[in-house]
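Worksheet: one structure, shown below.
Rule-based calculations on the coordinates, nothing more; no lab input. A quick note: this is a predicted structure, and the numbers were derived from the prediction, not measured. FYI the Cβ positions are ideal-geometry reconstructions off the backbone, even for glycines, and counts take in every protein chain you see.
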Amino acid sequence: EHQFVWSDGWPTTYTNWGHEQPNTSLSDHNCVRLDSNTGLWLSEKCDQLRPFICKHEDGMAPTPEPPVNGLCPGHNWLDLGGAFCYLTVEEQETFVNASIR
């Protein structure tokens, strides 16, 4: 079975795959995108230009902004519970370019 993990190797503890997803019959569908209309996950090629999500450990702000509630930095970072904060970025990048930002 094909297992998707975060780019840092962290396992996915929650999934929300669309119908017949992930499409593991296509060996080059190694990235995941979120359908903003349905909230469902779809597997696809990693060279597609898409908005992206960033993750960092709680309390470790990537910028000098003061943390909100002492955990996640401000400006759209979300605390969804657990040990990480998440940021969705509307600007579109490939997986490789988003990974180095």
Check: segment 1-46 dipole with +1 on Lys, Arg Cβ and -1 on Asp, Glu Cβ, in debye: 80 debye
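Where the convex hull is taken over the Cα atoms of segment 1-46, what is its projected area averaged over directions, in nm²?
Numbers: hull surface 13.9 nm².
Computing the convex hull of the Cα atoms and averaging its projections yields 3.5 nm².
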Model label zone, Thr13; criterion: amide N under 17 Å from point 7 Å along Cα-to-beta-carbon; scope segment 78-101: 78-87
